[in-house]
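The values are calculated or read from the model by the stated rules, or taken from the named source; none is laboratory data. Note that this is a predicted model, so its numbers are computed, not measured. FYI the Cβ positions are ideal-geometry reconstructions off the backbone, even for glycines, and counts take in every protein chain you see. Surface areas here come from the heavy atoms of the whole protein model, side chains and all, with no ligands, DNA or RNA. Shrake-Rupley method; radii C 1.70, N 1.55, O 1.52, S 1.80 Å.
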Amino acid sequence: MKVIKIGARWCSGCLVMKPRWVQIETELPWLHTVYLDFDDDAAEVKKLGIVADRLPVFIFYDDNGQEVNRLVGEVGKEDLISLINQIHYKNS
Amino acid sequence: MKYWLLGLIILFLSWLTVSPQVLAAPPSPETPPVSIYIFHSNGCPHCADLLAWLRGHYQEFNPQPTFYLLEVSNHPQNLRLFAGVGELTDQPDGGVPFIVVGNQYLIGYQTGVTGLDLQQMVSSCVSNHCPSPLDNIIATASASLTDLFDQPIAPPAISVVATASAIVDTDSSPIPDLHQSTTLPSVLHLPIFGTINPSLLSLPLLTVVLGLLDGFNPCAMWVLLFLISLLLGMTDRKRMWLLGFTFIGTSALIYLLFLTAWLNFFLYIGWIPIVRIIIGAVALISGYLHLNKWRQHQTGCEVVPDEKRHQIFGRLQAITQNHNLVLALIGIALLAISVNIVELVCSAGLPAIFTNTLSLSHLSWWRYAFYLALYLLMFMLDDLLVFIIAIKTLEVTGISAKYTHWANLVGGIVIALLGLALIFRPDLVMGG
């Protein structure tokens, strides 16, 4: 399972989410995450069809590489873990 | 002889400037004259109650005093006189109505209490002969107003509702101190804080709430966050502090100028009722918008348009990479000015509401300065915290939008209530 995280250096909400993701990645070592910067990785962000007017954005993919969910804004750590487990165990 | 003649001339000139409405009993030569000075404000219900009571009861005073009504919201010279009296009585936030009888004063009006207090104070004044520091000032109008204040001011706009003994002592004896009446109905005596006017207790709280609400928008600090991300790549700590504080300091200065301009604007025209009502309406709309934001509960930050973002990023990079520190500091200050001037247009509402409320409180200049500084500190608090923590820890941290969420709720309610007060109960914010 994979999560793409899209954020920016100038976005306060994105900075708030950073340590939460570090904790989640430590607790769920099997989770594959990729970070894309809204400015530095603009081309890849556009390819993903991000026309977001708000950041951060998190895109969740199942084991088959299918996008299953998108979240925008600050999300609590427990809510994220719950969603990730739901997607992960649904596939396995 | 000279003083007697001068007194007569001044008395005559005073008559030219006053509008006596009622002349009651003839002066009594046996009793010393007593003057009652009442600082009041248009739109203040407690003042209206007091004046209504006076008009109905002035004949009950024995002996009959001279009443001087000094309206402060419509007459800048009276306001300045009031500020001077506030300093003299150590009541710079005194509020209106502010009543001076001899060397005692009362703040506020309470039905059934203030009238009796006033009558007792007049009787006491007659028995003990208590000249008021204001006697000379009012009597000599423009000639002696420099005695108490730093700069000359125009003669106060005085209207006399009743006069029985308008003889004014114009001698230059030392000015006695004013003492607060022991039967104050509208002030609190607290152990540590001293004498406090409860109607003004909310002003510091209001300043903190509005300042925090105005400044607390983590997403609005995107320029600072980008600057910090560039600064963290540097090795020179001193340069990091200097550039960061120059940016924050210049932003604060621009905002202070903006607040001062609003305050001065309202000090000149804020007394016009329609201005207060317009600002009240702005507050109601602003309160609704904040509550609506709270209801929508959107998290995350809005993406700043690409062109604007890239332009500012480019300038920031060029500035921080400049080897000449002086040029870099000038550049960062100019950038802060340009960024903040653009932002001012978007955030005019809260400063206007705050400064209008402040202007209605009739404070001394240093109190205005204090409240502006407090507002500014609250406004810049999140920026300061984020910057200092980032430079200390060398790691940039964001502020969660959940605080903004609750700030929108609390702030929305406070601003909406303030709007209602400005429209329907201005006395609640006028210290009356």
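Here are the numbers:
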quantity	calculated
Per-residue SASA entry for residue B:123, accessible area with 1.4 Å probe, Å² rounded to 10	60
Interface residues in segment A:1-35 - accessible area drops by 50 Å² or more relative to the isolated chain, probe 1.4 Å	A:9, A:10, A:12, A:15
Backbone N within segment B:215-255 under 13 Å of label point (7 Å from residue B:389 Cα along the Cβ vector)	B:218
Cross-link pairs beyond the 22 Å C-alpha cut-off, checked among B:238/B:392; A:18/B:238; B:293/B:392; A:18/B:293; A:5/B:308	A:18/B:238; B:293/B:392; A:18/B:293; A:5/B:308
Heavy atoms of residue B:75: accessible area, 1.4 Å probe, square angstrom to 10	60
Part-to-part distance (alpha-carbon centres) for segment B:55-131 and segment B:329-391, which is given in Å	37
Estimated [θ] at 222 nm from DSSP helical runs (n ≥ 4, -39500 (n - 2.57)) normalised by residues in chain A, nearest 500	-12500 deg cm²/dmol
Nearest-10 value in Å² for the accessible area of residue A:79, using the 1.4 Å probe	100
Sequence of B:36, B:277 when ordered by accessible area, the most exposed leading, probe 1.4 angstrom	B:277, B:36
Set of lysines near residue A:2 by C-alpha distance (under 16 Å), chain-local residues within fewer than 8 positions excluded	A:90
Inter-chain shielding of B:223-229 (mean C-beta neighbours from other protein chains, 10 Å cut-off)	3
Fraction of antiparallel bridges per DSSP, segment A:2-90 only, in percent to nearest 5	60
Two-decimal log10 I(q)/I(0) for segment A:2-90, as the Debye equation yields it once each C-alpha is a single scatterer, q = 0.15, 0.26 Å⁻¹	-0.53, -1.53
Cα gyration tensor, segment B:257-306 - rounded (a/c under 1.5), prolate or oblate	oblate
Cβ neighbours within 10 Å from other chains - mean over A:72-83	2
Simple spin-label estimate for residue A:18 and residue B:116 in nanometres, 7 Å along Cα-Cβ	6.8
Average other protein chain Cβ within 10 Å of Cβ, residues B:401-408	1
Cα long-axis angle, helix A:12-27 against chain A (0 to 90 degrees, to the nearest 10)	30
Förster radius 30 Å - calculated FRET efficiency between residue A:41 and residue B:296, Cβ distance, rounded to 0.05	0.55
Pair residue B:268, residue B:288: separation of 7 Å Cα→Cβ label points (nm)	3.1
Heavy-atom accessible area ranking, 1.4 Å probe, most first, across B:357, B:260	B:260, B:357
Cα centroid of segment A:41-92 to Cα centroid of segment B:256-312, whole Å	35
Extension reserve of the residue A:48-residue A:27 stretch, reckoned as 0.36 nm per residue once the Cα distance is removed	4.9 nm
Point-to-point label distance, residue B:373-residue B:232, nm (Cα→Cβ direction, 7 Å offset)	3.3
Per residue Cα convex hull volume in Å³ - calculated over segment B:342-432	126
